[in-house]
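What follows is one structure encoded as structure tokens, with my remarks underneath.
The values are calculated or read from the model by the stated rules, or taken from the named source; none is laboratory data. Bear in mind the structure is a predicted one, so any value in this text is a computation, not a measurement. Using ideal geometry, Cβ is built from the backbone for each residue, glycine included, and neighbour counts are taken over all protein chains shown. Ligands, DNA and RNA are stripped out before the accessible areas are found, and what is left, the full protein with its side chains, is counted by its heavy atoms. Shrake-Rupley method; radii C 1.70, N 1.55, O 1.52, S 1.80 Å.
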Amino acid sequence: QVQLVESGGGLVQAGGSLRLSCAASGRTFSSYAMGWFRQAPGKEREFVAAISWSGGSTYYADSVKGRFTISRDNAKNTVYLQMNSLKPEDTAVYYCAGTLGDYSGSYSQYDYWGQGTQVTVSS
């Protein structure tokens, strides 16, 4: 089992950058594929990015490809989401999630979730 805590959210102007972090507890973090999802008010939770347990493979939603980068440091039990060229439509609560299965864009594949961190992008 793993517990996840996100941090790094905040208010930023359009065009700016933020880096989200997700710290995991437990000694088996390196066994988990990790993902980032987001949910805006009144909208369904949507996939943002995912990374394999080794960090060797990544997968992005089309809406963030080329702007966001997911990475992980298994020695620090942490996964990151570097967000550049932010747009007002990126405003949402961002969640990290973990799965012992393959990295995936489907939220139903993830067993463990953090509490979320708010990202607000002003125009």
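Check the range 44-65 and report whether any residue there is farther than 20 Å from residue 104 by Cα, touching a residue at least 60 places away in the same chain (Cβ under 8 Å) and either open to solvent by 60 Å² or more (accessible area, probe 1.4 Å) or not aliphatic (A, V, I, L, M) (or both). Write out each step before concluding.
Start the filter on the range 44-65 by keeping residues that are farther than 20 Å from residue 104 by Cα, which leaves none.
Taking every residue of the range 44-65 in turn, none turns out to be farther than 20 Å from residue 104 by Cα, touching a residue at least 60 places away in the same chain (Cβ under 8 Å) and either open to solvent by 60 Å² or more (accessible area, probe 1.4 Å) or not aliphatic (A, V, I, L, M) (or both).
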Residue hits (the range 96-123; part of a helix (DSSP H, G or I) and under 10 Å from residue 36 (Cα atoms)) are 107
Among residues of the range 20-43 being farther than 19 Å from residue 94 by Cα and in contact (Cβ under 8 Å) with a residue 24 or more places away in the chain, the residue surrounded by the most Cβ atoms within 10 Å (Cβ to Cβ) is 29
Within the range 78-90, of all residues that are open to solvent by 40 Å² or more (accessible area, probe 1.4 Å) and part of a loop (DSSP other than H, G, I, E, B), the one farthest from residue 53 (Cα to Cα) is 87
